[in-house]
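The values are calculated or read from the model by the stated rules, or taken from the named source; none is laboratory data. From a predicted model like this one, the values you see are computed outputs, not experimental measurements. Every residue, glycine as well, gets a Cβ built from its backbone with ideal geometry; the counts of neighbours run over all protein chains shown. Accessible surface areas use protein heavy atoms only, side chains included; no ligands, DNA or RNA. Shrake-Rupley method; radii C 1.70, N 1.55, O 1.52, S 1.80 Å.
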Amino acid sequence: MTDTLPSRTADLPAQWNPGEVEAGMYQRWVEAGYFTADASSDKPSFSNVIPPPNVTGSLHIGHAFEHTLIDVLVRRRRMQGYETLWLPGMDHASIAVHALVERALAAEGTSRREMGREAFVERTWQWKAEHGGKILDQMRRLGDSVDWSRERFTMDEGLSRAVGTIFKRLYDDGLIYRAERMVNWSPEMRSVLSDVEVEHREVEGELVSIRYGDGDDSVVVATTRVETMLGDTAIAVHPDDERYTHLVGREIELPLVGRMIKVVADEHVDPSFGTGAVKVTPAHDPNDFEIGRRHDLPMPSIMDESGRIANTGTEFDGMDRFEARVAVREALAAQGRIVAEKRPYLHSVGHATRGSKEPIEPRLSLQWFVKVAPLAKAAGDAVRDGRVAVHPKELEPRWFGWVDNMHDWTISRQLWWGHRIPVWYGPDGEMVCVGPDEEPPAGWTQDEDVLDTWFSSALWPFSTLGWPDETPDLAKFYPTSVLVTGYDILFFWVARMMMFGLYAMQDRGPENAIPFHTIALHGMVRDQFGKKMSKSSGNSVDPLEWMDRYGTDALRFALARGANPGTDVPIGEDAVQASRNFGTKLWNATRFALTNGASPALPLPAAPTDADRWILGRLREVREQTDALLEDFQFAKAVEGLYHFTWDELCDWYVELAKVQLRDEATADGTRAVLGHVLDALLRLLHPVIPFLTEALWQGLTGRESVVVADWPVDAGVSTDAAATARVLDVQRLVTEVRRFRTEQRVPDSRRIAARLVGLDEAGLGAHRAAVGSLVRLDPPGAQFAPTASFEVGLAGGTVHVEIDTSGAIDVAAERARLARDLAAAQKELDQADKKLGNPKFVEKAPADVVDGIRSRRAAAAADIDRIEARLAALPAS
RNA sequence: GGGCGCGUAGCUCAGCGGAAGAGCACUCGGCUUACACCCGAGCGGUCGCAGGUUCGAACCCUGCCGCGCCCA
């Protein structure tokens, strides 16, 4: 009886109302200091940095996904006794912020150039204070167990110092250089972009064929960017192309401009494309630039930084590039020089992925670069020699494909929001790189440009820990343990973090220079049909809405449950709802347990029942499996396993069996202990995934402070009992068969019917008579028991003969149909087994255990057939 | 054009050499004293196609068809 154990259900509301509880619960966790790391701790460390979100950003489903995975890892390690640090923060998103602030300025009728650098930067800080960092509050709603006391921003003083320090080192080592190169230019931002900030897309343009020169000395070339002809300095043909041999070395007049340009022979020209002759604009096309270098051609720039035609001395000067494209074509047409036009013509054009999204313009420009070859090689080697693991391993080729073929990285940006390049120029063109503690020579001027945001993000795993100073944090938490991020941005900051980490920390030796031991890659969140989410297709979702509707835990559970390593995660509202339902199920099961006096504080029974032994054994297996899967970043399988255990085993079977055991004084206390013990462990195992719900339930169950800082479940010394498990499985099989019979015979679920179970003792299930009766609502046979139907159920322990009084005639046709289905299944089984066993090569070559398995399956099938046929024969004719 | 990957139940996906699985959806029956956000029972698949290896192939190999992504 429950007399000695006060019911604690009173502590637990009948329903879980996440919206009312989550925020307060999170605040308590933060105030209790659970998430604050201690660098002086003796515990082993588990640290990771959040891949810094953009200061302009707000939480989207991809963040929710990534943060859920990280939080699962972090919360588990915390419970396992690690000194955990999950460090939050943001990057300053130079281009995105510029786009925002400049748009606001334009609306006010001014511009950054008008207001000047200092005022602009001030204005931008103000913008950040007012609007930046929405995502940080949203992280609180998600339950991220981050250490807010260590929050960082890439423009913080300390992090800026790190930027200056590494720039100086790289510069002094010759790994940063300034050069005039063909770059991706954004006329709208008036800045260069790096290769990874440009995305090539197929667009409909035009292909215009133009005749240069006249008569026998003329050549036809084709282009999609007609306006660039103003900057042509040559025509190139393949050296073996006999059509043009007579022209090579001669000069042809460039239409509209009047300049004489050379015809050059170059191996890289594809003679089969178009006319086999190409116009060469060295200052405005990467391929042409290379041709220009090989043939020492002039490289006049014909466009200014905002994409307007300039310095051609033609009427087109001052026109925008797209305007000029039309005007130049029309002018050429007027001269009869247009030979052909294809429109629309599908071709690939680079577009800015940040800020403006406009087509980028290849442009010759003086910029700062990082010489990546040695750094990228080190980044590749770290994975090659196993110092850094990539999970899942299948994505390693993607990593190598990138770092082994990396181009030099353009790090200067013609922007003001960011870290200004620490190079100063003297009056006579001298140049000096000034370190953080150094003073520039008087009268010298600093480079105008700022650094790419990723230059500072690349330092994130150590700049946030205090580098370049040798801080306790750095000593304790670097290298970080794992970087969880999407495979789609492996090239963005992950590669850069690796390069800079290995470089900056090289004094620590190869093992300890790495920024993280493991790169765990996840996929992208897609809609429920597997389609990419995007604003334009209208299928993107707001995670906050789902959190409002179903609670944070439901969202986290749904996301984690879909997280197979490195693959995309389709998710729809259905999945979130199903996860909410799971939480409710767990809630109700715990309430049931509490109502019945369950407690983990009770001693496990000295003489556990089969059901006790079974569920404790299963708990052990599930715990071990969960551990193994989480160690391998297999979130989906881990969560799925816990879902199955909770719902299909604990709730569907153990709780139902427990109801019987609780009615019996001999087993009641043991059941309370087992229920309490299993739920205690289960709630801990689930806590990293659904922190809020488990906290409420666990506190209710244990009366203790918080599951956040509870110990991760370990071996309780209970091993799986094979015999007890077999008996429980037999009970399940028997119960299911009787339920099936009841359903087919249309006996209402609520109606209790009398039945006799013959052979139960012989099958080893004597102790489960009451349980079976309870689970299928059977009454013991009374004095007047007169069965109207009977059937046999073959179990591992023996055959049980079920006699049932259905209080009337049975539906013979339904029973016959049921038996026929069973017979067909058994017959198929028998045939398959016979076929295998009839093959001498199978018996000879297959492993003995496989052959034995088939033999016993055959025997079982044969027995089933005999039984079913006998039963069919005994049925009255219908 | 080069590389990587994927085609398994209506949908989304596990399984990757020895009895075809899950969630959701669907059908039928149930307010059975934790839970109708639930319970019980069910329906549903020549595992893209064609060859090959093997005693045995959804799983390994080859080719083809279809679909993604990354890099040119």
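Do the conditions hold for A:Y550, that is, is it more than 16 Å from RNA strand B (Cβ to nearest atom) and touching a residue at least 12 places away in the same chain (Cβ under 8 Å)?
No.
Return the residue satisfying two criteria in turn: it lies in the range A:754-804 and is open to solvent by 50 Å² or more (accessible area, probe 1.4 Å) and of a type in the set (A, V, I, L, M), and of such residues it is nearest to RNA strand B (Cβ to nearest atom).
A:A796
Name the residues in the range A:352-371 that are in contact (Cβ under 8 Å) with a residue 60 or more places away in the chain, surrounded by fewer than 19 Cβ atoms within 10 Å (Cβ to Cβ) and within 16 Å of RNA strand B (Cβ to nearest atom), would you?
A:T353 - this is the single residue of the range A:352-371 that is in contact (Cβ under 8 Å) with a residue 60 or more places away in the chain, surrounded by fewer than 19 Cβ atoms within 10 Å (Cβ to Cβ) and within 16 Å of RNA strand B (Cβ to nearest atom).
Among the residues that make up the range A:364-383, is at least one of them of a type in the set (D, E, K, R), assigned by TED's automatic domain parsing to the domain that holds A:L100 and outside any loop (DSSP other than H, G, I, E, B)?
Checking the range A:364-383: at least one residue is of a type in the set (D, E, K, R), assigned by TED's automatic domain parsing to the domain that holds A:L100 and outside any loop (DSSP other than H, G, I, E, B).
Looking only at residues that are within 11 Å of RNA strand B (Cβ to nearest atom) and open to solvent by 10 Å² or more (accessible area, probe 1.4 Å) in the range A:658-669, which one is farthest from A:A578 (Cα to Cα)?
A:R663
Is it the case that some residue within the range A:615-637 is among the acidic types (D, E) and within 14 Å of RNA strand B (Cβ to nearest atom)?
Yes, the conditions are met somewhere in the range A:615-637.
Tell me, please, whether a residue that is open to solvent by 50 Å² or more (accessible area, probe 1.4 Å) and modelled with pLDDT under 95 can be found in the range A:279-288.
yes
Filter the range A:567-595 for residues that are surrounded by fewer than 21 Cβ atoms within 10 Å (Cβ to Cβ) and not in a helix (DSSP H, G or I); which is farthest from RNA strand B (Cβ to nearest atom)?
Among residues in the range A:567-595 that are surrounded by fewer than 21 Cβ atoms within 10 Å (Cβ to Cβ) and not in a helix (DSSP H, G or I), the one farthest from RNA strand B (Cβ to nearest atom) is A:G572.
Out of curiosity, is A:V220 more than 21 Å from A:M299 (Cα to Cα), within 16 Å of RNA strand B (Cβ to nearest atom) and in contact (Cβ under 8 Å) with a residue 60 or more places away in the chain?
no
Looking at the structure I just gave you, is A:R556 closer than 24 Å to A:D648 by Cβ, among the charged types (D, E, K, R), within 11 Å of RNA strand B (Cβ to nearest atom) and assigned to a helix (DSSP H, G or I)?
So A:R556 fails the test.
Restricting to the range A:258-278, give me the number of residues that are more than 47 Å from the chain's Cα centre (by Cα) and open to solvent by 50 Å² or more (accessible area, probe 1.4 Å).
Matching residues across the range A:258-278 total 3.
Considering only residues that are more than 12 Å from A:H522 (Cα to Cα) and not in a loop (DSSP other than H, G, I, E, B), which ones fall in the range A:58-72?
Hits for the range A:58-72 are A:I61, A:A64, A:D71, A:V72.
Given the options A:G418, A:G466, A:G501, A:G435, name the one that is more than 16 Å from RNA strand B (Cβ to nearest atom), buried (at least 24 other Cβ atoms within 10 Å of the Cβ) and farther than 30 Å from A:P286 by Cα.
The conditions single out A:G501.
Output the qualifying pairs, or none if there are none: Cβ atoms under 7 angstrom, residues six or more apart or on different chains, first residue in the range A:379-391 and under 14 Å from A:A495 (Cβ atoms), second residue part of a loop (DSSP other than H, G, I, E, B) and charged (D, E, K, R).
As it stands, the answer is A:G380/A:D404, since those pairs meet every condition given.
Quick check, is A:V494 at pLDDT below 95, in contact with a Gly (Cβ under 9 Å, 6 or more places away or on another chain), within 16 Å of RNA strand B (Cβ to nearest atom) and outside any strand (DSSP E or B)?
no
Evaluate the following for A:F529: is it closer than 28 Å to A:W417 by Cβ and not polar (S, T, N, Q)?
Spelling it out, it is not the case that A:F529 is closer than 28 Å to A:W417 by Cβ and not polar (S, T, N, Q).
Could you say whether any residue in the range A:316-333 is open to solvent by 80 Å² or more (accessible area, probe 1.4 Å) and outside any helix (DSSP H, G or I)?
No; the residues of the range A:316-333 include none that is open to solvent by 80 Å² or more (accessible area, probe 1.4 Å) and outside any helix (DSSP H, G or I).
Test of understanding: among A:D91, A:D147, A:D71, A:D137, which residue is closer than 27 Å to A:E31 by Cα and without any contact (Cβ under 8 Å) to a residue 40 or more places away in the chain?
A:D137
Given the range A:81-138, what helices (runs of 4 or more DSSP H) lie entirely inside it while holding 3 or more residues that are open to solvent by less than 20 Å² (accessible area, probe 1.4 Å)?
Passing ranges, in order: A:94-107.
Got a sec? Which of A:M524, A:M533, A:M547 is more than 19 Å from A:D71 (Cβ to Cβ) and surrounded by 15 or more Cβ atoms within 10 Å (Cβ to Cβ)?
A:M533
Over 20 Å from A:I70 (Cβ atoms), surrounded by fewer than 19 Cβ atoms within 10 Å (Cβ to Cβ) and in the same structural domain as A:L701 (by TED's automatic domain parsing) - does that describe any residue in the range A:510-520?
No, the range A:510-520 contains no residue that is over 20 Å from A:I70 (Cβ atoms), surrounded by fewer than 19 Cβ atoms within 10 Å (Cβ to Cβ) and in the same structural domain as A:L701 (by TED's automatic domain parsing).
Checking A:W647 against (1) farther than 23 Å from A:D568 by Cβ; (2) away from RNA strand B (no atom under 13 Å from the Cβ); (3) not charged (D, E, K, R), which test does it fail?
Evaluating A:W647 over (1) farther than 23 Å from A:D568 by Cβ; (2) away from RNA strand B (no atom under 13 Å from the Cβ); (3) not charged (D, E, K, R) leaves (2) as the failure.
More than 30 Å from A:V390 (Cβ to Cβ) and more than 13 Å from RNA strand B (Cβ to nearest atom): is that true of A:L602 in this structure?
Considered against the rule, which asks whether it is more than 30 Å from A:V390 (Cβ to Cβ) and more than 13 Å from RNA strand B (Cβ to nearest atom), A:L602 comes out as yes.
Enumerate the pairs (first residue in the range A:746-771 and without any contact (Cβ under 8 Å) to a residue 12 or more places away in the chain; second residue anywhere and open to solvent by 90 Å² or more (accessible area, probe 1.4 Å) and away from RNA strand B (no atom under 16 Å from the Cβ)) with beta-carbon separation below 9 Å, excluding pairs fewer than 6 apart on the same chain, so at least 6 apart or on different chains.
A:D761/A:R769
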